[in-house]
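Step one of this worksheet: look at the structure below.
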């Protein structure tokens, strides 16, 4: 398979954002995933979110691990630097990149194998450190590139395409992210663009570890009857907590609102308007969030929406108190103490 | 006949780990340095926090011999657990200083060793009520006794105590008192000084006493490192601590308290190197420090960094392996693991500092090499360099020096329309240009991956572009040969067909061994390797000698293997001399091993030449 660039021409009447860019300026190469893959819908949602936020593409860096999901950064944001790293190690690479330059927005794309199995430790520690990032797991409950093995998010008792039952308990990455210290935790469904795009936008505006678990059916290995990650299963069992309408400094994106509205102001001044479909959920209450996930899981329901939010969390740069100038922009004069300081050090060692 | 020696002896302290002896021993060592005689102190310690035996050795050498010598002239036996073995290890004619508070059977002493019992426990029990003080001041009291026995100026030690507890008058007085108690007791009890003694001299000059980890950590500060990600492992931890200490002093904005560095203690070594790779990719100078087991864990990332061409600096403070091996003992046994780290065809740049001086120099230079070559660079320290204090030339820095950031395309370059191909070799040195994320709104973005790609960073699994890329990486490796620190040649006084190759912490002992050999009319040319891949001098040196000894501190002659594979040298020409019991290699060992093998080769020839 080769790298397929998309043709550059586009319709002259394409909608433009505040930067004068069109949707096409946020796209990447043509996807090499299977036709109908949920991951491609997520890529499209990311593209849409970045377009609507008018993010300068070159100020975003997209990083991933290994697997189907981790290939997707090539299919979005072609003007952004990308890094397809090592299986399960995107969080550490992204942490290092973030330390080097705090002025770039970091998008980490991972899968359930990449995050819930081989990279579970790195996922946990990136969340607990409060790395300023958008961490998206494209969760299909299966190993696609190696052809259909169960992953750690496959539900107990679900059937593989070969008809084998999964004997092991599934990990709930959203619940874990809440426990691990992520300050923005959401779940969505690849087929629900109306919910997913605002969630991604809100995650980009959040200054801390923002985690989104996106259920993304695998058309080739996990979309059959008996699978709990198939399109049909999720559509039937989805319980939407809320829909988000995101307002940044730019004109708000209107969506049809239903139910009780609430506007949440983020600490950078932007705001999220919450449509509470389930009036019971207080997204700032950590234990309520966990209890809700568990209660609904027991009923076989997939909770989607913004599950937990803490605007006041301290992120990694704040905790380390690093200088406002990105570390990668510091010069000799900033970094090298020089010969006089060295003389004093020599003197102390005699 | 008791040993008679002025400013030339080895003293060893046998202590119990965690008993507070370390600072007293260091004070003793520094007092001799202050009296103008070079010293080489070494810690021999267990993997333990409290309770197991530990030794501290000081070689006092008027001639500036700073390698481990072997043997002990004066034993300060403060550990009942190891007493018998300690007594047995003293050179004939040597001296034993011990705590005589409880009687020791005469059968446990030796006729050929002068036994000097000082009732240290008794003295301290009499003077101090607090059990902790009794223990701590026992250490200071034996330093006092040694001052009397070895003729060390007590005023020098008093000044050191003053400096050490500057501003804490409460601590100064009882320390001075303990020192004096030991001193007076020994003076009254024995005919001082002994045959072994210290005399004021002027042989230290402006040299400094520092351990290699402190030096390397400081080098990283001077080299402009801003991101450090690490995981604690002996014997590398103090390197990161040194970086942190110096950054806290030298890299914090006085007005805002903001830091011009970031240090993250990662969850493991894999995450450490992942962060370093991420930061290096994003244009910051980043490093990690680790030891053998950490190197093993980092393997996959080394392959990525090699293939995706990302600068990274790794300090490997080597210890005794394999596995947990001897974690507090020294070896040079990670040479091959680092040179060929990872899977597939990979090879890496290694630097071999010989002590703290080069640990500082290479610690800074490594960042230039990593960015110039866009690849991981390994600084190969070992426990002996890293954790022992060595007398070294003072650190120097040229304020005109600029960091070499390598081939990084700027906004202006891209704006001008300069062609960018991430893996395009535009000038034949195998090093492509790179861009840093965020460089330009519409030009220079590329996708970094560990998968095969063409010159413009486009994914491909075709054979042609893959081979093209691998060949370019080889060209880049050849470029490194001329860029890295050159080996150091020490020519023998007479022409000889015998040569020796060595590296790293072997240097000090090697210098002494070569002198010992020369005194016996065995002449050997020596080449100290300072980097891999090897420069042309290395092959020329081997070709110019009939037999070349390769002296290493590992079992499997790892550098010898590297010489064979990198230069295609005939195995028979390279004679391994290996020392790997975990103790630092000694001049005596090198001398003995080379002498035994050269009598038939070099010696007759040099005699002919002499005639």
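Bear in mind that the values in this text are calculations on the coordinates, not laboratory data. Worth saying up front: this structure is predicted, and the values here are computed from it rather than measured. Backbone-built Cβ (ideal geometry, glycine too); neighbour counts: all protein chains shown.
Points to keep in mind about this one:
- R0 of 22 Å, Cβ-Cβ distance residue B:490-residue B:596: FRET efficiency to nearest 0.05: 0.55
- Average partner coverage of A:85-91, which counts Cβ from other chains inside 10 Å: 6
- Size descriptors for the range B:440-584, from the alpha-carbon set: Rg then Dmax equal 20.8, 71 Å.
- Ranked packing of B:536-544, B:329-337, B:164-172, most packed first, by mean Cβ within 10 Å: B:329-337, B:536-544, B:164-172
- Counting 0.36 nm for each residue step from residue B:132 to residue B:23 and taking away their Cα separation leaves a gain of 37.7 nm.
- The protein assembly as shown pair-distance distribution - Cα-Cα, 10 Å bins, rounded %: 2, 11, 18, 19, 17, 13, 10, 7, 3, 0, 0
- Sorting the segments B:312-325, B:241-254, A:46-59 by their mean number of nearby beta carbons within 10 angstrom, highest to lowest, gives B:312-325, A:46-59, B:241-254.
- Tilt relative to chain B, helix B:299-308 - C-alpha long axis, 0 to 90 degrees, to 10: 40 degrees
- Here r is the Cβ-Cβ distance between residue A:298 and residue A:120 and R0 is 30 Å; the resulting FRET efficiency, rounded to 0.05, is 0.80.
- Computed from the alpha carbon positions, the gyration tensor of the range B:5-197 leads to an equivalent ellipsoid with semi-axes of 23, 20, 17 Å, biggest first.
- Structure-based [θ]222 nm, the protein assembly as shown - -39500 (n - 2.57) summed over DSSP H runs of at least 4, per residue, nearest 500: -10500 deg cm²/dmol
- Label-point separation, residue B:111 to residue B:188 (7 Å along Cα→Cβ), nm: 3.3 nm
- Take the Cα of residue B:159, go 7 Å toward its beta carbon, and the backbone nitrogen atoms of the range B:1-41 under 18 Å from that spot belong to B:26-39.
- Paramagnetic reach from residue A:30 (point 7 Å along Cα→Cβ, amide N under 14 Å) across the range A:42-82: A:75
- Summarising the label geometry, the points placed 7 Å from Cα in the beta-carbon direction at residue B:324 and residue B:6 lie 5.0 nm from one another.
- Efficiency of FRET from Cβ geometry, residue A:103 and residue B:571, R₀ 56 Å, rounded to 0.05: 0.55
- Scoring B:436-447, B:464-475 by mean Cβ neighbours within 10 Å over their residues and listing the highest first yields B:436-447, B:464-475.
- Modelled label positions at residue B:418 and residue B:122, each set 7 Å beyond Cα in the direction of Cβ, lie 8.0 nm from each other.
- A straight line joining the Cα centroids of the range B:421-439 and the range B:105-132 runs 69 Å.
- Whole-Å distance, taken between Cα centres, linking the range B:304-348 and the range B:201-261: 22 Å
- Kirkwood hydrodynamic radius computed over chain B comes to 26.3 Å, based on all pairs of distinct alpha carbons.
- Extension gain from residue A:164 to residue A:285, taking 0.36 nm per residue of separation minus the Cα-Cα distance: 39.7 nm
- Beta bridge orientation in the protein assembly as shown: antiparallel %, DSSP, nearest 5: 35 percent
- If you look at the Cα atoms of the range A:36-156, you get an Rg and a Dmax of 13.8, 43 Å.
- Near-label residues of the range B:12-36 by backbone N, under 13 Å of a point 7 Å along Cα→Cβ of residue B:171: B:23-24
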